[in-house]
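To start, the structure under review is shown below, and the notes come after it.
Each value in this text was obtained by applying a stated rule to the coordinates, not by laboratory testing. In this text the structure is predicted, and so the values were computed from the model without any measurement. Methodologically, a virtual Cβ is constructed for each residue, glycine included, from the backbone with ideal geometry; neighbour enumeration extends over all protein chains shown.
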Amino acid sequence: METKRKDVTKEDVERWTALWEKHWESGDYKPWHEVQEVPSQGRSRKITGVKSGRTHHLLSDAEYYVFLLLEYEGSVIEIYEQFPLMPLSKTVQIASERGLKPPKYRHRTIKDESTEKRAPLPNKIMSTDFLVKVDRNGEEVWVAIPVKTKSGIDASTDKNKSVLQKLEVERQYWLDRGVECKCMVKEDINKDLIFNLKWF
């Protein structure tokens, strides 16, 4: 997910991380990415959750559909969207072990780059679209849910190479923590069901 965070410094990442951890520990959850931080394509939404009572930041139609399914699924106890994969060193390690380049923050566009000396950009904090707590026969378990579209994970196109690589890092991150990771694809979701849930 590309965001408006550009020309980020190591100090920025450390500050954001400390602030997020402070909110998490206090029980005041804040998603790692919020709607206003993502380039608008007319598909992002802020929705007050029935289960949580807080505002959820959903960055695409696909995330909105999955959120509706989770919100009205009786076994789902808690829903956390845009959940960061921390510590950063863990995702960097997983990527390195697979010979992959960890994602980095981007530079802002500068017309005359010859007059601007740029500092190296830090590695990016990755996030999972949804982390949910589920009741399975009286036992509470966590499930991580990346949300994609079929076109977004089509392995036959070169532009999706980095997406698939990041998805593998994400999967391994949660596997190492004993958390089930299940990717949901927008096109596989029953559209009639979504229509009814939206109406309800």
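Side notes on the structure shown:
- In terms of other Cβ atoms within 10 Å, 6, 159 run from fewest to most in the order 159, 6.
- Contour excess over end-to-end distance, with Cα ends at residue 19 and residue 175 and 0.36 nm allotted per residue: 53.6 nm
- Amide N proximity, region 175-200 versus residue 151 label position 7 Å along Cα-to-Cβ, cut-off under 14 Å: 186-187
- As a proxy for reagent exposure, 61, 28 were ordered by neighbouring Cβ count within 10 angstrom, fewest first; the result is 28, 61.
- Amide H contacts of residue 85: 126, 127, 128, each under 5 Å away and 5 or more positions distant or on a separate chain (H built 1.01 Å from N in the peptide plane; Pro and chain starts excluded).
- The shape of region 79-200 can be summarised by an equivalent ellipsoid whose semi-axes, obtained from the alpha carbon gyration tensor, come to 32, 20, 15 Å from longest to shortest.
- In this simple spin-label approximation, residue 43 and residue 141 carry label points 7 Å from Cα along the Cα→Cβ vector, and these lie 3.0 nm apart.
- Within the chain, longest stretch clear of exposed GluC sites (Glu not before Pro) (DSSP loop, no more than 16 other Cβ within 10 Å): 117-200
- Ranked list, fewest to most other Cβ atoms within 10 Å of each Cβ, for 88, 131: 88, 131
- Unit charges at the beta carbon, dipole of the chain: most positive-side option, 31, 181, 52: 31
- Once backbone amide H atoms are built at 1.01 Å from N, residue 54 has 49 as its partners under 5 Å, excluding neighbours fewer than 5 places away on the same chain.
- Hz values of 3J(HN,Hα) by residue in region 122-137 - Karplus curve (6.51, -1.76, 1.60), Gly and Pro given as x: x, 5, 8, 6, 7, 9, 9, 4, 9, 10, 10, 9, 10, 8, 10, 6
- For a straight C-alpha distance cut-off of 18 angstrom, the lysines reachable from residue 150 (same-chain residues fewer than eight places away being disregarded) are 159, 161, 166, 182, 186, 191.
- Cα gyration tensor shape for region 1-83, rounded if a/c is under 1.5, else prolate or oblate: oblate
- Phi angles of region 8-17 translate, via the Karplus equation with coefficients 6.51, -1.76, 1.60 and θ = phi - 60°, into HN-Hα couplings of 7, 9, 4, 5, 4, 4, 5, 5, 4, 4 Hz per residue; Gly and Pro are given as x.
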